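Visitor: Have a look at this one.
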Amino acid sequence: MRGFGPNTLGLVNTATGLTTSYFATKAMLKPGAIGVAAQSGIFVGALLRYMSSMEGLELSKGLGLGNKMDVNECDALEYLARDDQTKIVVMYLEDLREGRRFLDIAKRATKEKPVLLLKGARTAEGARASSSHTGSLAVEDSVLQGAIGQAGILRMGSIEELIWTLKGFRTMPLPKGNRIAIVTYSGAQAILTIDEAVNSGLKMATFLPPTLAKLSEVIATPSKASNPVDLFPDMMTHGFERTSTKIMEALLEDPGVSAIIFISFAATGPEPYGPVASMVKESASKPVFFSLLGTRDDMEACRSFLEGMGIPCVPFPETAARVISHMWRYTTFKEQGEP
């Protein structure tokens, strides 16, 4: 018989309804496709509660590894990789007990499903805190980064990045390339997003002549119809709904565009986004992310509407660029066996 912990909140198996955790909720036991293994105590319970409260982020299995006196990250990854219910794996780790075995398992696992890693104790100060937290031994972060990259593991920089990357994988098709198109009402937000995209290994797409011809129907100035595509001021002439749908149609049809980030304002009520959202839902063959900025209430109303249609709406577009980069890296590794 194997053992978990100590310092663990236990296990969740949504396929059978089994839980050994007092922290489990009814929502946490709703069957889903995300398997989570975490080297922590109460954190895994809080994370699972948070994830299970979101549509599309329901769990398959939750494994609290704690201090890993017996079952460790290798056992957990091997189990989740073989589990048919689990379509994507999430791990929070502070150290690796069996590094070579872990990487061998990961190389096999990532051929079948994405593996997302949130790594604690990346700094000397964090490692000292980890030692008292779970008794972990420090791992040189630069060495770990190179190793997990070769194994196809996708490293998350934060909990926020982890959550949005999960949403990307669960709601959107994988990109067929690394060339993105940006639609924007704001030059500043577009520039920030371009910087993040390039730093993350993406490139700006060059539009084909048929795409430019379609864009010219609603964008009068050629420079505003290049990439990024500027909605303003032409949307004041043609109306937001016609302008946005024409642009989206042109970009979805362009084979040189691998993914789309749509940056706009959060309207008072999500109705203006109905037509363009319906177009994405019905015909998107590439990842499409929205990012809408405005009052907190307007942003939440628009986000709820879009995500109710299965379209991710991130608070800020730089996050979308990082998620698309992760999805492209996974596509590349899965097809070619290298990051």
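For (1) of a type in the set (S, T, N, Q); (2) surrounded by 17 or more Cβ atoms within 10 Å (Cβ to Cβ); (3) out of contact with any Pro (no Cβ under 6 Å at 6 or more places or on another chain), each residue gets a yes or a no:
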{"residue": "Ala220", "(1), (2), (3)": "no, no, yes"}
{"residue": "Met236", "(1), (2), (3)": "no, no, yes"}
{"residue": "Thr243", "(1), (2), (3)": "yes, yes, yes"}
{"residue": "Phe289", "(1), (2), (3)": "no, yes, no"}
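Visitor: Given the criterion assigned to a strand (DSSP E or B), of a type outside the set (Lys, Arg), at pLDDT 95 or above and not assigned by TED's automatic domain parsing to the domain that holds Glu160, identify the matching residue among Leu252, Leu292, Leu306.
Guide: Step by step, each of Leu252, Leu292, Leu306 is checked, and only Leu292 is assigned to a strand (DSSP E or B), of a type outside the set (Lys, Arg), at pLDDT 95 or above and not assigned by TED's automatic domain parsing to the domain that holds Glu160.
Visitor: Quick one: in region 1-60, which of the residues that are under 19 Å from Ile88 (Cα atoms) and charged (D, E, K, R) is modelled with the lowest pLDDT?
Guide: Glu55
Visitor: Mind checking which residues of region 51-100 are more than 25 Å from Leu174 (Cα to Cα) and without any contact (Cβ under 8 Å) to a residue 12 or more places away in the chain?
Guide: Passing the criteria: only Arg100.
Visitor: Here's another thing I want to ask about it. Which of the residues that make up region 1-50 are under 22 Å from the mean Cα position of the chain (by Cα), surrounded by fewer than 16 Cβ atoms within 10 Å (Cβ to Cβ) and either hydrophobic (A, V, I, L, M, F, W, C) or on the phi > 0 side of the Ramachandran plot (or both)?
Guide: Ala27, Ala46
Visitor: Restricting to region 305-339, name every residue that is among the polar types (S, T, N, Q) and touching a residue at least 12 places away in the same chain (Cβ under 8 Å).
Guide: Thr319, Ser325, Thr331
Visitor: How many residues are hydroxyl-bearing (Ser, Thr, Tyr) and free of Cβ contacts under 8 Å to residues at least 24 places away in the same chain if we restrict to region 1-18?
Guide: 1
Visitor: Continuing with this model, one more query. Out of everything in region 59-84 that is in a helix (DSSP H, G or I) and small (Gly, Ala, Ser), what residue ends up being surrounded by the most Cβ atoms within 10 Å (Cβ to Cβ)?
Guide: Filtering first and then ranking leaves Ala76.
Visitor: Looking for something outside any loop (DSSP other than H, G, I, E, B), under 30 Å from Ile88 (Cα atoms), of a type outside the set (Ser, Thr, Tyr) and assigned by TED's automatic domain parsing to the domain that holds Tyr330 - is there at least one such residue anywhere in region 203-223?
Guide: Taking every residue of region 203-223 in turn, at least one turns out to be outside any loop (DSSP other than H, G, I, E, B), under 30 Å from Ile88 (Cα atoms), of a type outside the set (Ser, Thr, Tyr) and assigned by TED's automatic domain parsing to the domain that holds Tyr330.
Visitor: So, one more: For region 236-249, enumerate the residues that are assigned to a helix (DSSP H, G or I) and out of contact with any strand residue (DSSP E or B) (no Cβ under 9 Å at 6 or more places or on another chain).
Guide: Passing the criteria: Met236, Thr237, His238, Glu241, Arg242, Thr243, Thr245, Lys246, Glu249.
Visitor: Would a scan of region 249-270 turn up a residue that is aromatic (Phe, Trp, Tyr) and under 15 Å from Ala181 (Cβ atoms)?
Guide: Yes; the residues of region 249-270 include at least one that is aromatic (Phe, Trp, Tyr) and under 15 Å from Ala181 (Cβ atoms).
Visitor: Could you list all residues from region 242-269 that are among the hydroxyl-bearing types (Ser, Thr, Tyr) and more than 22 Å from the chain's Cα centre (by Cα)?
Guide: Thr243, Ser244, Thr245, Thr268
The values are calculated or read from the model by the stated rules, or taken from the named source; none is laboratory data. In this text, all values refer to a predicted model and were calculated from it rather than measured experimentally. Note that we place each Cβ from the backbone using ideal geometry, even for glycine, and neighbour counts take in every protein chain shown.
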